[in-house]
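The values are calculated or read from the model by the stated rules, or taken from the named source; none is laboratory data. Here the structure is a predicted model, which means the values were calculated and not measured. Quick reminder, even Gly has a Cβ in these numbers, built from the backbone with ideal geometry, and neighbours come from all protein chains shown.
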Amino acid sequence: MVSEGHAVPWVLDDRGVSLLNLDRYSGAIANFDAAIRLEPNDAYAYYNRAEAILNSDFHSQPYTIQQFQQHHHLLIFRHLDAALQNLNRGLQINPHDTDAQNLKTLLIEGLRHGYLRGAR
């Protein structure tokens, strides 16, 4: 649990990004959750939470990125809907966020071309 007592949203967001970079996804997501509770219109927190969700799912795949590239494995994201919801919410707040736009486009193209899917 993240203490929100005297925290400001950008500090929580920055800490979440640091944890994301250390591959500590659940801690990163908890910090992004707390940042969004304090500042529900922080588009970057939604983007960062989507990225943490996707990274968490990606790193739970049974093969490496090299194996995926060589053998065209299907990527299955257990929380793809949650990631897309976060991207959509962030883009509602800031429609000019090119990182969020690019990630959303990548996910939609992956779904359309069949090399990734959400868990069923």
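Every test in (1) modelled with pLDDT of 90 or more; (2) of a type in the set (A, V, I, L, M); (3) more than 13 Å from the chain's Cα centre (by Cα); (4) surrounded by 12 or more Cβ atoms within 10 Å (Cβ to Cβ) is passed by L22 save one, and that test is (4).
Taking residues in the range 21-36 that are on the phi > 0 side of the Ramachandran plot, and partners anywhere that are not in a helix (DSSP H, G or I), the pairs with Cβ atoms closer than 7 Å and at least 6 places apart or on different chains are D23/H59. A Cβ distance below 6 Å, combined with a sequence gap of six or more or placement on separate chains, defines the contacts here; from the range 107-120, residues that are touching a residue at least 12 places away in the same chain (Cβ under 8 Å) reach residues that are hydrophobic (A, V, I, L, M, F, W, C) and in a helix (DSSP H, G or I) in the pairs G118/L80.
Tallying residues that are in contact with a helix residue (DSSP H, G or I) (Cβ under 6 Å, 6 or more places away or on another chain) and either surrounded by fewer than 11 Cβ atoms within 10 Å (Cβ to Cβ) or more than 14 Å from D81 (Cα to Cα) (or both) within the range 100-109 yields 1. For A82, the conditions (1) within 12 Å of the chain's Cα centre (by Cα); (2) at positive phi are fulfilled apart from (2).
Table: residues versus (1) buried (at least 21 other Cβ atoms within 10 Å of the Cβ); (2) closer than 15 Å to A83 by Cβ; (3) at pLDDT below 95.
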site	(1), (2), (3)
A7	no, no, yes
S18	no, no, no
G27	no, no, no
E39	no, no, no
N48	yes, yes, no
